[in-house]
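Student: Pasting a structure below so you can have a look.
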Amino acid sequence: MTFPLLSHINPETGEVAGVAANLRFLENLKGYFLDETAYQQALQLGNPTIYSVANVEPAQGDGQLHYGLGRLMPGKIGREYYFTAGHLHTHRPAAEFYIGLCGEGLLLLQHEMTGETLVLPLKANLVIYVPGYTAHRTVNCGTTPLTYLGVYPAQAGHDYGRIKETNFNKVVLEVDGQPTVMDRQEALKLISQDKL
Ligand code: MN
């Protein structure tokens, strides 16, 4: 047992003691949001941190486990709630557990081949099994930071390219004050009606 077995996480701040978090800013999410005009307007006002992920990767190799502590800020671009870029695993069969810690949000799942989608709640006391071959993205539809753990096989790897090209079929918008899951095409119609 040669590597540290114990780590100390702070679910409120998204910090893991001794680990530098990776920050993702608004400018890093260019092309992801539904409403490009609202995105550009937001970016002119500033470039806030949208989320951070602190990855704990104590050992490499077959059978090893890693985890990330994610912290996604509350907010919206136009009607669309802040989300993470989302990814598939480079090693496609690799599954993952998502464990909600603080805040309220959703986890979008989308199978790479079938396109089948599922949207599940993510908050404290909920644990979600993300199967292999399934793209995943968190969405914060609350008013406080959403924090969670993702526990994944060491060989999983992160592939952002596929989602950057195709995005998710489902989006989460505020409609009549409520978080609402919609198909992307339906949502595009809604925001173009908003602008009339
Ligand atoms: Mn993952």
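Student: Measure nothing fancy, just the Cα-based angle from helix 36-45's long axis to the longest principal axis of the chain, in degrees from 0 to 90, nearest 10.
Tutor: It is inclined by approximately 70 degrees.
Student: Given a Förster distance of 41 angstrom, what is the FRET efficiency for Leu126 paired with Thr166, based on the Cβ-Cβ distance and rounded to 0.05?
Tutor: Between Leu126 and Thr166 the formula returns 0.90.
Student: According to a simple spin-label model (label point 7 Å from Cα along Cα-to-Cβ), what is the distance in nm between Leu23 and Thr2?
Tutor: The modelled label-to-label distance comes out at 3.5 nm.
Student: While we're here: If you build the convex hull over the alpha carbons only and average its shadow over all orientations, what do you get for region 2-47? Give it in nm² to one decimal.
Tutor: The Cα convex hull of region 2-47, projected and averaged over all directions, gives 5.2 nm².
Student: For the chain, give me the percentage of DSSP beta bridges that are antiparallel, rounded to the nearest 5 percent.
Tutor: Of the beta bridges lying entirely in the chain, close to 100 percent run antiparallel.
Student: Based only on the alpha carbon positions, what is the Kirkwood hydrodynamic radius of region 2-133, in angstrom?
Tutor: About 16.6 Å for region 2-133.
Student: Treat each spin label as a single point 7 Å out from the Cα along the C-beta direction, and report the Glu36 to Asp62 distance in nm.
Tutor: According to this spin-label approximation, the distance is 4.8 nm.
Student: Now, a different point. What's the angle, to the nearest 10 degrees (0 to 90), between helix 184-194's Cα axis and the longest principal axis of the chain?
Tutor: Tilt of helix 184-194: around 40 degrees.
Student: Could you work out the relative contact order of the chain? I mean the mean sequence separation of Cα pairs under 8 Å and 6+ apart, divided by the number of residues, in percent.
Tutor: Value for the chain: 23 percent.
Student: Calculate the all-directions average of the projected area of region 63-137's alpha-carbon convex hull, and give it in nm².
Tutor: Projected over every direction and averaged, the Cα hull of region 63-137 covers 5.7 nm².
Any read-out appearing in this document is the output of simple, stated calculations on the displayed coordinates, not a laboratory observation. The model shown is predicted, which means the values in this text are computed figures rather than measured ones. Positions of Cβ are generated from backbone atoms using ideal geometry, with glycine treated the same way; all protein chains shown enter the neighbour counts.
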